[in-house]
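Undergrad: Here it is, the structure, as C-alpha cells.
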Amino acid sequence: MTTSLTFDDSLYEAAVAVATSRGQTLDEFAAEALQAAIEGTTEMQIAVRDGLPCVQPPAGAPHIDPAQVRRLVEEGVF
C-alpha cells in the first residue's frame, strides 16, 4: 500500500539518519517504527543489576557509542 505522510523537517531528517545508520530505507524504518509503536515495544525497560538501575533499550534501537557520549558530555550537552 502506498500513502503520503507529512513530517516537520527535523523529524524527517532524524528518521532518515536513523534509517541510514541501520542500513534501511525510510519506508522500512517507518514501517518498523509504526509496528513497534502499535505493539507497545518502544518503551524502555528498567532492570536493577547489582543494586543499580539499568535501562534496556527496545530491540532494534541504535547502538550507543561511548566515544560520542563522552564527546557530548565534554561539550556540555548534558
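Quick note: the coordinates plus some simple rules give every number you see, no bench work behind them. None of the values given here were measured: they were computed from a predicted structure. Counting neighbours? That spans all protein chains shown, and the Cβs are built from the backbone with ideal geometry, glycine included.
Undergrad: Any idea which of Val69, Thr6, Gln35 is furthest toward the positive side of the dipole for the chain, if Lys and Arg beta-carbons carry +1 and Asp and Glu beta-carbons -1?
TA: Val69
Undergrad: Do the sum for the chain: with -39,500 (n - 2.57) for every DSSP H run of n ≥ 4, divided by all residues, what is the mean residue ellipticity at 222 nm, to the nearest 500 deg cm²/dmol? Kindly include the intermediate steps, with their values, before the conclusion.
TA: Details: 3 runs with 36 residues, N = 78.
Result for the chain, helices only: -14500 deg cm²/dmol.
Undergrad: Measure nothing but the geometry: give the 0 to 90° angle between the long axis through the Cα atoms of 26-39 and the longest principal axis through the Cα atoms of the chain, rounded to 10°.
TA: It works out to around 70 degrees.
Undergrad: Just the Kirkwood number for the chain, please: inverse of mean 1/r across all distinct Cα pairs, in Å, one decimal. List each step's numbers first, then the result.
TA: Details: mean 1/r = 0.0665 Å⁻¹.
Across the chain, the inverse of the average 1/r is 15.0 Å.
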